[in-house]
Amino acid sequence: MFVKFFKVVSSTQEEAKDLARKGGKPWSVIAAEKQSQGRGKGKSHWHSPEGNLYFSVVLPASKLDDLQILTILASFSVAKILKEDYGLEAMIKLPNDVVVNGKKICGILTENIIMSGQAKISVMGIGLNTNSEDYTADLKDKATSIKMELKEKVDNKKILAKIVEELAKQLSSITK
Amino acid sequence: MIMLKKKIKINEKIFDLEMEDLKGKFIRIEINGKDYFFRKDNGNVIPVDQRQLLAAEQEAESVFSEVFCEAPKNLRAPLAGMVSNIWAKAGEKVVKGQKLVTVIAMKMENEISASGTGKIKEIKCQPNQAVNKDDILVIFE
């Protein structure tokens, strides 16, 4: 697995799309601990303070139906890892968010570039609040992190590898 | 469109010559099976180096696709969803790969690009409109 890890990047999603356009191989990952222009669906901003895990994965060429299912399965994968490895009661807010104690801990955004009815480039971005210690007043009741829940620092590289491995497993199971 | 096709004799040597107009912007001249390209520019013709243009990646690709690629078919929604952005307008000339419409489905953003070079006749959708799979989004001339 090729991973380019940045301390700070404007948007892992834009970096990954650029990498894919230049021929980056499937399962290449652009990751960062801080994004200056992280974004969610549409024009919405994804609050990306330092210490969390933000990454985007170049996906292999897949059917659009499979990619839709994969977005949901990605939420499932993250929730599964949070429960099994960290003991958190993670719930999925379909199709693309994971919440813990009613607060968002992870968001997923899949983007496809489609030409002649086929996805030529597909990139999945995942923002996981791992090591945030506090949030501003407007987000305090809406967002949480693994560290805020467990009072323990998380190894971002370790959890990243686990999620990407799980994603690859899930995609191969639906494309068989 | 072939403008000229004939044999010419220069110093006792015969040359097969063919001249073709490429969409009014370029001229292809074939001499004994080898192609030479020229760009029309205010009454002048400027030689175009194919390798240089190809090496100029995106820009060169756009120029060449404009000349050689098929016109795009009408743009259809590849899946059901909501139109979030329209990146082109009626009357605009677009090139292969140019982003035209974004459709969001199940929180997945789908940037739908032109399959060829052509001129947009009509945009058949608008932002926040729900579309079904195979609905026409853009009609080309």
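I'd like the full set of residues that are part of a helix (DSSP H, G or I) and at pLDDT 85 or above, limited to segment B:48-107. Break it down stepwise before answering.
Step one: filter segment B:48-107 for residues part of a helix (DSSP H, G or I), giving B:50-55, B:57-68.
Within segment B:48-107, no residue meets the criteria.
For segment A:152-176, a tally of residues being over 30 Å from A:Leu64 (Cβ atoms) and assigned to a helix (DSSP H, G or I) returns 3. Tell me which residues, restricted to segment A:56-80, are within 14 Å of chain B (Cβ to nearest Cβ) and of a type in the set (Ser, Thr, Tyr). Passing the criteria: A:Ser56, A:Ser62, A:Thr71, A:Ser75.
Within segment A:114-133, can one find any residue that is within 18 Å of A:Gln35 (Cβ to Cβ) and over 19 Å from the mean Cα position of the chain (by Cα)?
Filtering segment A:114-133 for residues within 18 Å of A:Gln35 (Cβ to Cβ) gives A:123-133.
Filter once more, keeping what is over 19 Å from the mean Cα position of the chain (by Cα): A:133.
Yes, because at least one residue in segment A:114-133 is within 18 Å of A:Gln35 (Cβ to Cβ) and over 19 Å from the mean Cα position of the chain (by Cα).
Look at (1) more than 9 Å from chain B (Cβ to nearest Cβ); (2) at pLDDT 85 or above; (3) surrounded by fewer than 19 Cβ atoms within 10 Å (Cβ to Cβ); (4) in contact with a strand residue (DSSP E or B) (Cβ under 7 Å, 6 or more places away or on another chain) and you find that A:His45 fails only one, number (2). Among the residues of segment A:113-121, is there at least one that is of a type outside the set (A, V, I, L, M) and touching a residue at least 60 places away in the same chain (Cβ under 8 Å)? No, segment A:113-121 contains no residue that is of a type outside the set (A, V, I, L, M) and touching a residue at least 60 places away in the same chain (Cβ under 8 Å). When the residues of segment A:106-130 are filtered to those that are away from every other protein chain (no Cβ under 14 Å) and in contact with a Cys (Cβ under 9 Å, 6 or more places away or on another chain), the one that is nearest to A:Pro60 (Cα to Cα) is A:Leu128.
Number of residues in segment B:108-131 that are more than 23 Å from the chain's Cα centre (by Cα), within 14 Å of chain A (Cβ to nearest Cβ) and assigned to a loop (DSSP other than H, G, I, E, B): the value is 2.
For (1) farther than 16 Å from A:Ser145 by Cβ; (2) assigned to a helix (DSSP H, G or I); (3) touching an Asp or Glu at 6+ places or on another chain (Cβ under 9 Å); (4) of a type outside the set (Lys, Arg), each residue gets a yes or a no:
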position: A:Val58; (1), (2), (3), (4): yes, no, no, yes
position: A:Ile72; (1), (2), (3), (4): yes, yes, no, yes
position: A:Val78; (1), (2), (3), (4): no, yes, yes, yes
position: A:Glu84; (1), (2), (3), (4): yes, yes, no, yes
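Just to be sure I understand, how many residues within segment A:81-105 are under 26 Å from A:Phe5 (Cβ atoms) and either within 14 Å of chain B (Cβ to nearest Cβ) or crowded, with 17+ Cβ neighbours inside 10 Å (or both)?
Filtering segment A:81-105 down to residues under 26 Å from A:Phe5 (Cβ atoms) leaves A:81-86, A:88, A:90, A:96-98, A:100, A:104-105.
Now narrow it down to the ones that are either within 14 Å of chain B (Cβ to nearest Cβ) or crowded, with 17+ Cβ neighbours inside 10 Å (or both): A:81-82, A:88, A:90, A:96-98, A:100, A:104-105.
The total comes to 10.
Against the condition surrounded by fewer than 22 Cβ atoms within 10 Å (Cβ to Cβ), more than 13 Å from the chain's Cα centre (by Cα) and at pLDDT 95 or above, how does A:Val154 come out, does it pass? No: the conditions fail for A:Val154.
The values are calculated or read from the model by the stated rules, or taken from the named source; none is laboratory data. What you see is a predicted model, and the numbers here were worked out from it, not measured in a lab. As a convention, Cβ positions derive from the backbone with ideal geometry for all residues, glycine included, and neighbour counts pool all protein chains shown.
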